[in-house]
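The values are calculated or read from the model by the stated rules, or taken from the named source; none is laboratory data. From a predicted model like this one, the values you see are computed outputs, not experimental measurements. Note that each Cβ is placed from the backbone with ideal geometry, even for glycine, and that neighbours are counted across all protein chains shown.
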Amino acid sequence: MSGISLEERQAIMAEIEKLREEHRDLDVAISALVALETRDQIQVQRLKKRKLILRDRLGFLEDQTTPDIIA
């Protein structure tokens with residue numbers, strides 16, 4: 001492991017799963033809004049921005065659980 005305890009790793013993995021679920025939910029919400037004829041572009045943009053924030057956070061957390069490899 002990359003210098004983190006088992007408890008920290010489990011907490012990070014739980015947060016990753018929660019964020020992945022939220023990311024999937026945002027996909028569904030964005031698709032539903034885009035399918036509507038009276039779509040709210042501002043709301044779509046807000047949801048897409050939130051998705052990007054989640055993606056960045058997921059990447060950071062996944063890096064925390066990846067062991068450092070010395071090449």
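Would you mind stating whether GLN64 is part of a helix (DSSP H, G or I), surrounded by 13 or more Cβ atoms within 10 Å (Cβ to Cβ) and at pLDDT below 95? In short, yes.
Of the residues making up segment 39-52, those that are touching a helix residue (DSSP H, G or I) at 6+ places or on another chain (Cβ under 7 Å) and of a type in the set (A, V, I, L, M, F, W, C) are VAL44, LEU47.
Does any residue in segment 58-70 that is farther than 13 Å from SER5 by Cα come within less than 9 Å, Cβ to Cβ, of a residue that is exposed (fewer than 15 other Cβ atoms within 10 Å of the Cβ) and among the basic types (Lys, Arg) six or more places away or on a different chain, and which pairs are these? Partner pairs satisfying both residue conditions: LEU58/ARG20. Entry remark, segment 1-38: residues being outside any helix (DSSP H, G or I), exposed (fewer than 13 other Cβ atoms within 10 Å of the Cβ) and touching a helix residue (DSSP H, G or I) at 6+ places or on another chain (Cβ under 8 Å) number 2 in total.
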